[in-house]
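Worksheet: the structure to be examined is printed underneath.
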Amino acid sequence: MGMLMSKQTETGTGMKRRIASILLVISLAFMAGCASTPEPAPPMDDGMDSEFSDGPAEVVVPDTSTVVERALAIPPVYFALDRSDISSEYAAGLEAAAQAVRASGATIVIAGHCDERGSEEYNVALGERRATAVRRYLYNLGIPMGQMSTVSYGEAQPAVSGSGETAWQLNRRAEFQVR
């Protein structure tokens, strides 16, 4: 009878581990939101390979850094020609981004970009003004300055190649890297 109770307790412990593992995976999936392609969870070892166990199994915790990056994906902010002011159409997106960054404690790098027109020096300065404008906007929404940094690439890293208004519009932007 003692042996029967021992196996039932052991089976109950294994069931609790499985339930805890499933809840962990569900929680991580929920945190990821509506990611387009979820990554499969690593196989969980419940420690019950043999009839007898030396102790609790090691809990494997999946890497959540990519989950945080996906959850905080911030779309680019686009600018008019030779401008660094933020259009009102980006207000709602930036407010949502600010709330998510504040809640997560993540840091962001704001990268300013320009189209190919203008000198290299002018475009680097304009890219910096764009990145700084976005940083100031997010600071006014409550993100501490210590959680944000800026960089300007000028015209060096176009989103699309080519000339013409369509390409230029897509290259005049501020992009975000979540860390």
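The values are calculated or read from the model by the stated rules, or taken from the named source; none is laboratory data. A quick note: this is a predicted structure, and the numbers were derived from the prediction, not measured. Every residue, glycine among them, receives a Cβ derived from its backbone with ideal geometry; neighbour counts consider all protein chains shown. Note: accessible area is taken over every heavy atom of the protein model, side chains too, but ligands, DNA and RNA are not part of it. Shrake-Rupley method; radii C 1.70, N 1.55, O 1.52, S 1.80 Å.
Hey, can you grab everything whose amide H is under 5 Å from the amide H of Thr150? Only 5+ residues off in sequence or another chain; H modelled, so Pro and N-termini drop out.
Placed amide hydrogens put Ile110 under 5 Å from Thr150.
Which order do the peptides 80-88, 126-134 take when ranked by the mean count of other beta-carbon atoms within 10 Å per residue, highest first?
Going from most to least packed, we get 126-134, 80-88.
Give me the percent of accessible area attributable to carbon and sulfur for segment 95-179, probe 1.4 angstrom.
Exposed carbon and sulfur together represent 51 percent of the surface.
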